[in-house]
Amino acid sequence: MHREQLSRLAHTNHPIGAPLDDDAVAELLHHAVARGDGRVLDLGCGGGEWLLRALAAHPGLRAEGVDVAEAALDRAWGAARELGVDERLVLHRGEAAGFTAPHRFDLVLCVGSTHAFDGLAATLAAARRHLAPGGR
């Protein structure tokens, strides 16, 4: 069984690919997206659940996600269109560890994808490379 299929089964009853309920996700995003605008990056975004929720809650926000799973990115695009946030979302198919962007981000997320960087320390280092001054 593929990693993506295992993850989908493991998180069937979770609103996102992590053991958090809707209220916890909303609270975390409320605190993380301090100003309600700017740019957010999700390294290993999967189906884009974190990004979609952030975009829906913050109309001034722009978001980008990176993932290797084409099916997950397709789901994210479909959901973004349904929510009407697709014009503020950019998705990249590729390895999160090799991702580069011409700009920095106010918030960098990597929930459940530290395996893409071979552990937490390397994940944090990668996130720092993408952060704008004062970013989270």
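The values are calculated or read from the model by the stated rules, or taken from the named source; none is laboratory data. From a predicted model like this one, the values you see are computed outputs, not experimental measurements. Counting neighbours? That spans all protein chains shown, and the Cβs are built from the backbone with ideal geometry, glycine included. Side chains included, ligands, DNA and RNA excluded: accessible areas come from the protein's heavy atoms. Shrake-Rupley method; radii C 1.70, N 1.55, O 1.52, S 1.80 Å.
Report the net charge of residues surrounding residue 101, where surrounding means a beta-carbon distance below 11 angstrom and charges are Lys +1, Arg +1, Asp -1, Glu -1.
Numbers: positive: 39, 104, 129; negative: 64.
Net charge in that neighbourhood comes out at +2.
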- request: Please pull out the direction-averaged projected area of region 22-130, using the convex hull of its alpha-carbon atoms, in nm² to one decimal place.
  value: 6.3
task: Please calculate the 1.4 Å probe accessible area of residue 70, with all protein chains present, and give it to the nearest 10 Å².
output: 100
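How many percent of DSSP beta bridges within the chain run antiparallel, rounded to 5?
Roughly 5 percent of the DSSP beta bridges within the chain come out antiparallel.
Figure the gain on full extension for residue 83 and residue 104 (residue separation times 0.36 nm, minus the Cα-Cα span) and round it to one decimal in nm. Kindly include the intermediate steps, with their values, before the conclusion.
Numbers: separation 21, 0.36 × 21 = 7.56 nm, distance 2.53 nm.
Going from the current span to full extension adds 5.0 nm.
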query: For labels at residue 30 and residue 90 in the simple 7 Å Cα→Cβ model, what's the distance in nm?
result: 3.1
Accessible area (Å², per residue) of the chain, counting only protein heavy atoms and a probe of 1.4 Å: 57
message: So the label point goes 7 Å from the Cα of residue 56 along Cα→C-beta, right? Which residues of region 101-122 then have their backbone N under 12 Å from it?
response: none
message: Heavy atoms of the protein only, probe of 1.4 Å, neighbouring chains included. What is the accessible area of residue 58 in Å², nearest 10?
response: 30
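Over region 22-130, what is the mean sequence separation of C-alpha contacts under 8 Å (at least six apart), divided by residue count, expressed as relative contact order in percent?
Values: 170 pairs, mean separation 30.9, N = 109.
Normalised by residue count, the contact order of region 22-130 is 28 percent.
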query: Of 28, 43, 73, which is the most mobile in a GNM of the chain whose springs link Cα atoms less than 10 angstrom apart?
result: 28
